[in-house]
Amino acid sequence: MAAKKKAPKKPIVVAPPKQNDPGLVASMAKTAAIAGTATVAVAGTSAAINAVTGPSAAEQQAAAEKQTMEEQQAAAEQQATEEQQEDAEKAATAGLTEEQVQQLRDLASLRDSGILTDEEFEAQKAEILAA
């Protein structure tokens, strides 16, 4: 039997780069620029659509939550003001001077804004009432 001859291996030839080939870095830069432009275009389109169609459901919900929070804050401030007025009326009937009443109001304001704790407020209030 005759031995089968193997075909000779062909050499691997690497083609030289084309003269107009931008290379890997330039191709990546071009892709990034195109992607960035697309992102800006999509954001601009979304803004234009929102201007025409109105806010989305998520935006409406966020606005409603903000309004609720503002209403709660206003109610808390109203309650604090009423409490201060009640304290002033009680102080007036207890024979306190206007200066003492003002000091109590200032203390209440500091407590309401979180500068004084309830314990600090009560201690200062006791000093004013004792004077």
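The values are calculated or read from the model by the stated rules, or taken from the named source; none is laboratory data. Being a predicted model, the structure only gives us computed values, none of them experimental. Methodologically, a virtual Cβ is constructed for each residue, glycine included, from the backbone with ideal geometry; neighbour enumeration extends over all protein chains shown.
Here are some notes:
- Selected residue (criterion: farthest from the chain's Cα centre (by Cα)) from residues of the stretch 99-127 that are aliphatic (A, V, I, L, M) and buried (at least 16 other Cβ atoms within 10 Å of the Cβ): V101
- Filter result for L129 (more than 24 Å from A74 (Cβ to Cβ) and either at pLDDT 90 or above or hydrophobic (A, V, I, L, M, F, W, C) (or both)): yes
- Inter-residue pairs, beta-carbon under 8 Å, first among the β-branched types (V, I, T) and in the stretch 103-131, second assigned to a helix (DSSP H, G or I) and surrounded by 13 or more Cβ atoms within 10 Å (Cβ to Cβ), 6+ apart: T117/R111; I128/Q100; I128/Q103; I128/L104; I128/L107
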